[in-house]
Amino acid sequence: MTGNAPAVGKLGNSNTMLVRHDYKRACYRAMLVEFSTDEVVEFFTTLPLVIEGREIKGAELFGLLWKEKERVPVYWECGTDNLIEAFLIRKGREVNPLLRKILWLNNKSTYIPGKVLLTWFYPKLETLFNSIDTRDMIFAMIALFTENYLPKHVHRRVKRWEDGDWVKSIQVFISDMDFGEYLDWDYEFIAGPQILNGPIMFGMPPFEGFGMIADTRPPETILWDKSIVATRENGVLRFNGEVVGRVATFHGFCRGKEIDLSKFHVPDLDIVEMDIDYSCPIRKRIVLHKGCAYGAPVFLNWVSHRKLKNHGTGLLNSFIGDLAREEALQNDELEKRHNALLAHVSGRAVFRYHRSDESITLNGRHFTKNIPAKILKYLLETYLRDGKSEFEYRELKRLFEISQGQKNANFEVRFYRLVEKLKEECPAVWVEKTGRGHFKLIVKGILDFQES
């Protein structure tokens with residue numbers, strides 16, 4: 001297989017910018033219901049999650065996925081998006097049912113909580129009641145949604161025209177305004193359903209049509225069927241010798257479709273415009289579309305919808321209902337599954353306190369000694385004896401066996417070194433701050449404490 005590399009920038013997901021993790025959180029919760037513990041772990045550990053040079057794994061990874069308001073790098077967010085379809089096919093599952101579970105919030109239109117969306121949309125909500133075509137204003141909401149969720153990205157409508165009762169629109173999605181890198185992401189598979197369902201969050205019917213006009217991925221990278229040999233030669237793309245597409249320039253392609261992107265200063269790359277629809281036998285859907293440009297510097301899609309003049313009432317009912325449902329998100333059964341998974345990945349932690357040198361070993365290896373060892377001994381003993389997991393920082397400083405009655409200026413430093421050491425070396429047990437001067441001992445694996 002051969003292909004031409006983009007003339008400007010590169011294709012990848014190395015962007016280190018952190019974004020909201022709501023989609024992966026929703027994906028994790030859906031998979032907890034649909035798959036075994038081993039399968040959930042398999043999916044989420046396929047692509048390592050690295051934040052600020054440190055790999056997040058084990059219980060820490062799944063704890064992050066469970067929480068609200070966490071952030072992950074763009075490379076991991078988009079990279080795991082690209083793994084979903086292949087994972088489901090490999091497990092013999094249908095794709096659409098899981099996607100619907102992921103988008104269950106706001107009448108299955110999005111994975112973002114309604115209370116968050118309202119803060120984004122509030123400045124534009126009055127246009128809901130002023131628009132002749134109520135669904136037309138959804139394009140402004142899509143831009144707000146994407147550009148709040150993915151800072152420094154651009155998602156705008158760049159063309160609109162009417163054809164009788166129908167409105168046709170073209171949107172552009174730009175992941176890097178410097179065009180140093182082009183996103184390796186299945187935009188159609190992940191963003192397509194969300195765009196189609198955008199009106200649903202306001203109690204309106206979904207858009208009637210969606211399709212791709214340009215994709216940043218070269219066509220060769222989209223192929224999964226290894227029996228196909230893709231070659232470029234003399235300005236054409238061939239699959240097993242048959243011409244399926246033609247090389248052109250992106251600017252020329254846009255001129256032919258009367259799409260003006262000049263204000264975005266988009267570079268002119270060589271693209272392949274497909275002559276045919278190519279349906280993937282593995283994914284059982286069209287993945288390369290006739291007339292679509294591949295290897296482009298931006299994503300372009302079209303949307304079609306009928307004018308909706310009478311929208312009725314209750315445009316915000318789904319948001320209001322969602323605000324109530326969010327309180328019940330962490331239901332007992334789902335939390336049990338989450339905790340079982342944490343225990344599964346955390347394993348067993350056997351701590352032994354040695355009085356002779358005031359040290360603690362973890363699973364037979366030296367872990368810590370002196371003040372940090374005494375702090376950990378107190379926490380573990382109290383947890384196992386009394387079932388207590390909530391602590392105050394000052395109660396440790398008041399314990400004579402720990403402080404020896406002295407005001408130790410390094411006490412806090414030693415405490416937080418212990419916290420970091422637990423995080424790095426003991427996935428079954430860790431300490432989490434719960435408020436000013438308060439923290440919690442969290443045990444998710446099998447814990448054993450002995451003293452000798």
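Couple of notes before you dig in:
- Working note: Karplus 6.51/-1.76/1.60 with θ = phi - 60° gives segment 237-252 the couplings 9, 10, 10, 6, x, 8, 5, 10, x, 10, 6, 8, 9, 5, 4, x Hz, where Gly and Pro are set to x.
- For the residue pairs LYS257/LYS307; LYS159/LYS257; LYS397/LYS433, alpha carbon separations beyond 21 Å are given by LYS257/LYS307.
- Per-residue surface analysis assigns MET141 an accessible area of about 10 Å², computed on protein heavy atoms at 1.4 Å probe radius.
- Listed values [x] 22.7, 81; [y] 28.0, 124; [z] 26.7, 88 include one computed from this model; for Rg and Dmax of the Cα atoms in Å that value carries the label [z].
- Charge dipole of the chain about the Cα centre (unit charges at C-beta), most positive-ward option of VAL50, SER279, PRO267: VAL50
- Crossing angle, helix 22-34 versus the chain [Cα axis fit, 0-90 degrees, rounded to tens]: 80
- Antiparallel DSSP beta bridges within the chain, percent to nearest 5: 85
- Listed residue (VAL41, VAL236, TYR182) projecting farthest to the positive dipole end of the chain, Cβ model: VAL41
- In degrees, nearest ten, helix 187-196 long axis to first principal axis of the chain (Cα): 80
- Using θ = phi - 60° and Karplus 6.51 cos²θ - 1.76 cosθ + 1.60, couplings along segment 270-285 (whole Hz; Gly, Pro as x): 6, 10, 10, 9, 6, 8, 9, 7, 10, 9, 6, x, 7, 7, 6, 7
- When only the Cβ of Lys, Arg, Asp and Glu is charged (+1, +1, -1, -1), the dipole of the chain relative to its Cα centre reaches about 1020 debye.
- In the chain, the longest principal axis of the Cα atoms and the axis of helix 332-346 are about 70 degrees apart.
- Projected label distance in nm at MET177 and VAL236, using a 7 Å step from Cα toward the beta-carbon: 4.2
- Inter-label distance for ILE51 and LEU18, nm, one decimal - labels placed 7 Å from Cα along Cα-to-Cβ: 0.5
- Using a probe radius of 1.4 angstrom, the carbon and sulfur fraction of the accessible surface of segment 231-296 is 47%.
- Overall, segment 223-270 carries a charge dipole of about 20 debye about its Cα centre when +1 sits on the Cβ of Lys and Arg and -1 on the Cβ of Asp and Glu, all other atoms neutral.
- In the context of the full protein assembly, LEU418 retains an accessible surface of approximately 10 Å², using a probe radius of 1.4 Å and ignoring ligands and nucleic acids.
- Between segment 343-375 and segment 247-288, the Cα center-to-center distance that results, in Å: 59
- For segment 196-250, chymotrypsin sites (Phe, Trp or Tyr not before Pro) are listed when DSSP marks them as loop and at most 15 other Cβ atoms sit within 10 Å of their Cβ; the list is TRP224.
- Simple rule: put +1 on each Lys or Arg Cβ and -1 on each Asp or Glu Cβ in the chain, find the dipole, and look at LEU380, TYR122, LEU144; the Cα lying farthest toward the positive end is LEU380.
- Each residue of segment 415-424 was assigned a 3J(HN,Hα) from its phi angle through the Karplus expression (A = 6.51, B = -1.76, C = 1.60, θ = phi - 60°), giving 4, 6, 5, 5, 4, 5, 5, 4, 4, 7 Hz with x at Gly and Pro.
- Across the protein chains, with a 1.4 Å probe defining accessible surface, the residues ARG156, ARG29 rank ARG156, ARG29 from largest area downward.
- Bridging of LYS263 to aspartates and glutamates at a Cα separation below 17 Å is possible for ASP176, ASP178, once same-chain residues fewer than 8 apart are set aside.
- Take 291-298, 179-186 and order them by the average number of nearby Cβ atoms within 10 Å per residue, most first; the result is 291-298, 179-186.
- Heavy-atom accessible area order for PHE351, PHE449, largest first, 1.4 Å probe: PHE449, PHE351
- Scanning residues 5 or more positions from LEU269 or on other chains, those with amide H under 5 Å from its amide H are PHE250, HIS251, with H placed 1.01 Å from N in the peptide plane.
- Pairs of Lys residues in segment 51-123 that lie 8 or more places apart, or on two chains, and have C-alpha atoms under 26 angstrom apart add up to 13.
- Under 5 Å, built H, 5+ apart or other chain: amide partners of LEU49: ILE56
- Scanning residues 5 or more positions from ILE213 or on other chains, those with amide H under 5 Å from its amide H are LEU300, ASN301, TRP302, with H placed 1.01 Å from N in the peptide plane.
- Accessible area (Å², per residue) of segment 95-249, counting only protein heavy atoms and a probe of 1.4 Å: 42
- For GLU208, solvent-accessible area (1.4 Å; no DNA, RNA or ligand), Å²: 90
- Of LYS374, LYS284, the residue with the largest accessible area leads and the full order is LYS284, LYS374 (1.4 Å probe).
The values are calculated or read from the model by the stated rules, or taken from the named source; none is laboratory data. On a predicted model such as this, the values are computed, not experimentally measured, just so you know. As a convention, Cβ positions derive from the backbone with ideal geometry for all residues, glycine included, and neighbour counts pool all protein chains shown. Surface accessibility is based on the protein's heavy atoms, side chains included, excluding ligands, DNA and RNA. Shrake-Rupley method; radii C 1.70, N 1.55, O 1.52, S 1.80 Å.
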